[in-house]
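All remarks here apply to the structure that follows.
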Amino acid sequence: MPKQKTTTEPDWVKTEKTYFLQTGKRLPVILDRGEGTTVWDLDGKSYLDFVGGIAVLSLGHCHPVVVEAIERQSKKLMTTSNYYYTIPQLKLAELLCRSSGMDKAFFCNSGAEAVEGLIKLARKWGKEKREGAYQIIVMEGAFHGRTLATVAASSNERYRAPFTPLPEGFIRVPFNDIDAVKDATGPNTVAVLVEPLQGEGGVNVPDDGYLPRLRQWCDESGILLLLDEVQTGVGRTGKLFAFQHYGIEPDAIAVAKALGSGFPIGAFLAKDSAALLGAGEHGTTFGGNALACEVGYSVLKYITDNDIPAQVTERGAHLERRLHSLADRQPMITEVRGKGLIWAIELDRPASEQVVNLALEAGLLANAVKPNAIRLVPPFTVSEAELDKAVDILEEALAKVSEESAK
Ligand SMILES: Cc1ncc(COP(=O)(O)O)c(C=O)c1O
């Protein structure tokens with residue numbers, strides 16, 4: 001646990017235990033400030049941040065583009081409700097639609113709300129276009145958020161079991177298996193909802209033909225293809241949107257995380273043919289507020305103007321090479337997988353928490369995405385030197401774990 005410096009300093013760990021709902025397990029560090037890829041704790045110790053708010057910090061901590069947008073807009077106009085027009089919202093809607101090929105945008109505050117919007121969109125579309133069809137085919141290993149409907153669409157039993165009965169209408173099939181989707185499609189099916197690359201499921205990359213085949217199947221059977229790009233969108237995989245690797249277009253997508261580079265914002269985007277939500281059928285108080293949209297616009301404009309996805313591809317290739325050469329030296333690693341700047345190493349044993357704790361001590365934040373898999377999602381602005389240092393720290397942590405288990 002973090003050390004207390006003086007008797008007068010508040011005991012923050014105790015405060016957390018006393019006042020904060022105990023829904024998560026925290027690592028023993030109190031983070032105090034950040035810049036670029038680096039964060040510092042209360043004692044001034046620095047860490048390379050390869051968690052990045054869980055794939056949120058596209059431009060790293062406190063990037064000037066984000067700080068200046070917050071400063072500029074917060075002095076001008078923060079929120080108005082959606083009864084009125086504000087320019088930041090409209091600029092961001094236009095830029096998102098133009099850069100994704102979608103036609104309409106709706107803004108919210110988080111990834112779960114964005115996916116919830118996709119689910120409502122599909123249900124409405126089913127009522128109007130497919131005789132009331134409402135079932136959505138979802139994937140094993142999927143994660144779509146923590147609202148009741150997105151939990152129902154997600155596959156982790158631990159997140160679902162305490163909250164039954166969950167909203168119905170989700171049919172689960174194995175990921176990366178087009179035949180399973182075909183077998184599950186029936187007259188009540190309205191859509192397929194899928195992450196182009198599963199993040200929380202452990203960084204699972206499907207075959208290159210999977211999304212194109214899904215698109216073809218959805219077209220043939222007259223159902224919607226909905227992509228959850230909350231973790232992959234806005235450049236993470238080396239294209240602005242992950243579906244752009246495959247030469248297809250979905251009917252609608254959800255985005256969030258990287259769009260605000262640390263500022264909360266989410267959105268769902270849809271083709272006109274799918275965007276059937278009408279007046280009063282969806283809404284939000286904070287979603288699309290001028291402050292969040294000015295930040296989202298500034299981040300997205302910076303990412304597109306500077307072709308940051310190309311930089312992600314280049315740095316990602318470097319990280320991939322380094323991880324593969326680490327796997328050649330360290331037999332505990334059984335697989336290296338990812339795309340762009342989202343990677344996981346799979347271990348031959350459930351040691352990821354141990355490795356993550358050792359890495360923390362050595363100055364690296366990494367994420368135990370599964371008991372036997374470690375996820376790395378550094379900012380798009382990460383340098384090669386930072387990637388090298390992170391891999392060196394991981395190598396030492398893995399070596400310690402393998403030495404200890406050999407004793
Ligand atoms: C693919 C995907 N969808 C949805 C979500 C939920 O986003 P949020 O936590 O912002 O609600 C996440 C979060 O990790 C995600 O990875």
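The values are calculated or read from the model by the stated rules, or taken from the named source; none is laboratory data. If you're wondering where the values come from, they're calculated on a predicted model, not measured in any experiment. Reconstructed Cβ throughout: ideal geometry from the backbone, glycine too, with neighbour counts over all protein chains shown.
Here G186 passes the criteria (1) over 25 Å from the mean Cα position of the chain (by Cα); (2) assigned to a helix (DSSP H, G or I) except the one numbered (2). Cβ-Cβ distances below 7 Å connect the following pairs, each with a first residue in segment 303-331 that is closer than 11 Å to K239 by Cα, a second residue that is assigned to a helix (DSSP H, G or I), and a separation of six or more residues or different chains: T304/S99.
Does segment 232-250 hold any residues that are outside any loop (DSSP other than H, G, I, E, B) and either in contact with a helix residue (DSSP H, G or I) (Cβ under 6 Å, 6 or more places away or on another chain) or within 16 Å of the ligand (Cβ to nearest atom) (or both), and which are they? Break it down into steps so the answer makes sense when it comes.
Looking only at segment 232-250, we keep the residues that are outside any loop (DSSP other than H, G, I, E, B), and these are 242-245.
Scanning segment 232-250 gives A242, F243.
Given the structure, is I70 within 16 Å of the ligand (Cβ to nearest atom) and more than 19 Å from the chain's Cα centre (by Cα)? Against the criterion (within 16 Å of the ligand (Cβ to nearest atom) and more than 19 Å from the chain's Cα centre (by Cα)), I70 does not qualify.
Of all the numbered requirements in (1) farther than 30 Å from A149 by Cβ; (2) surrounded by 15 or more Cβ atoms within 10 Å (Cβ to Cβ); (3) over 19 Å from the mean Cα position of the chain (by Cα); (4) of a type in the set (G, A, S), G44 misses one, and that requirement is (2).
If you check L364, L341, L360 for being in contact (Cβ under 8 Å) with a residue 24 or more places away in the chain, within 14 Å of E396 (Cα to Cα) and in contact with a Pro (Cβ under 9 Å, 6 or more places away or on another chain), only one passes: L360.
Test A397 against the criterion of being in contact with a strand residue (DSSP E or B) (Cβ under 7 Å, 6 or more places away or on another chain) and either within 18 Å of H61 (Cβ to Cβ) or small (G, A, S) (or both), and give yes or no. Spell out the reasoning first.
Working: in contact with a strand residue (DSSP E or B) (Cβ under 7 Å, 6 or more places away or on another chain): no; either within 18 Å of H61 (Cβ to Cβ) or small (G, A, S) (or both): yes.
In short, no.
Looking at E229, E200, E195, which is the one that is under 22 Å from the mean Cα position of the chain (by Cα), within 15 Å of the ligand (Cβ to nearest atom) and more than 18 Å from P379 (Cα to Cα)?
Numbers: E229 fails: more than 18 Å from P379 (Cα to Cα); E200 fails: more than 18 Å from P379 (Cα to Cα).
Answer to the check: E195.
Identify, please: which residue in segment 165-202 is under 25 Å from I54 (Cα atoms) and in contact (Cβ under 8 Å) with a residue 60 or more places away in the chain and is, among those, surrounded by the fewest Cβ atoms within 10 Å (Cβ to Cβ)? Restricting to residues being under 25 Å from I54 (Cα atoms) and in contact (Cβ under 8 Å) with a residue 60 or more places away in the chain, the top hit is G202.
Could you say which residue among A310, A317, A385, A366 is among the small types (G, A, S) and in contact with a Phe, Trp or Tyr (Cβ under 9 Å, 6 or more places away or on another chain)? Show your work before the answer.
On the way: A310 fails: in contact with a Phe, Trp or Tyr (Cβ under 9 Å, 6 or more places away or on another chain); A317 fails: in contact with a Phe, Trp or Tyr (Cβ under 9 Å, 6 or more places away or on another chain); A385 fails: in contact with a Phe, Trp or Tyr (Cβ under 9 Å, 6 or more places away or on another chain).
From the options A310, A317, A385, A366, the qualifying one is A366.
Matching residues to (1) at pLDDT below 95; (2) away from the ligand (no atom under 16 Å from the Cβ); (3) in a strand (DSSP E or B); (4) over 21 Å from E353 (Cβ atoms):
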position	(1), (2), (3), (4)
Q22	no, yes, no, no
R26	no, yes, no, no
V29	no, yes, no, no
G44	no, yes, no, yes
L57	no, no, no, yes
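Taken over segment 75-113, the criterion of being out of contact with any helix residue (DSSP H, G or I) (no Cβ under 9 Å at 6 or more places or on another chain), surrounded by fewer than 14 Cβ atoms within 10 Å (Cβ to Cβ) and in contact (Cβ under 8 Å) with a residue 24 or more places away in the chain is satisfied by S81 alone.
Looking for whichever is within 16 Å of the ligand (Cβ to nearest atom), closer than 23 Å to K91 by Cβ, in contact (Cβ under 8 Å) with a residue 60 or more places away in the chain and not aromatic (F, W, Y) here; the options are G283, G287. Which one fits? Step through it out loud before you land on a result.
Details: G283 fails: within 16 Å of the ligand (Cβ to nearest atom).
On inspection, the qualifying residue turns out to be G287.
Across segment 203-226, which residue is nearest to I308 (Cα to Cα) among those that are within 13 Å of the ligand (Cβ to nearest atom) and crowded, with 24+ Cβ neighbours inside 10 Å? Can you show your working first?
Going through segment 203-226, the residues within 13 Å of the ligand (Cβ to nearest atom) turn out to be 203-204, 226.
Subsequent filtering for residues that are crowded, with 24+ Cβ neighbours inside 10 Å retains 203, 226.
Values: V203: 21, L226: 25 Å.
The extreme case among them is V203.
I need the full set of residues from segment 140-162 which are among the aliphatic types (A, V, I, L, M) and either without any contact (Cβ under 8 Å) to a residue 60 or more places away in the chain or away from the ligand (no atom under 15 Å from the Cβ) (or both), in order please. If the condition is that a residue be among the aliphatic types (A, V, I, L, M) and either without any contact (Cβ under 8 Å) to a residue 60 or more places away in the chain or away from the ligand (no atom under 15 Å from the Cβ) (or both), then L148, A149, V151, A152, A153, A161 are the ones that fit.
Quick check on segment 114-135: of everything there that is within 16 Å of the ligand (Cβ to nearest atom) and crowded, with 24+ Cβ neighbours inside 10 Å, which residue is nearest to I303 (Cα to Cα)? For segment 114-135, the residue satisfying everything is A114.
Considering G262, G266, the condition of being over 15 Å from L96 (Cα atoms), within 16 Å of the ligand (Cβ to nearest atom) and either in contact (Cβ under 8 Å) with a residue 24 or more places away in the chain or crowded, with 18+ Cβ neighbours inside 10 Å (or both) is satisfied by G262 alone.
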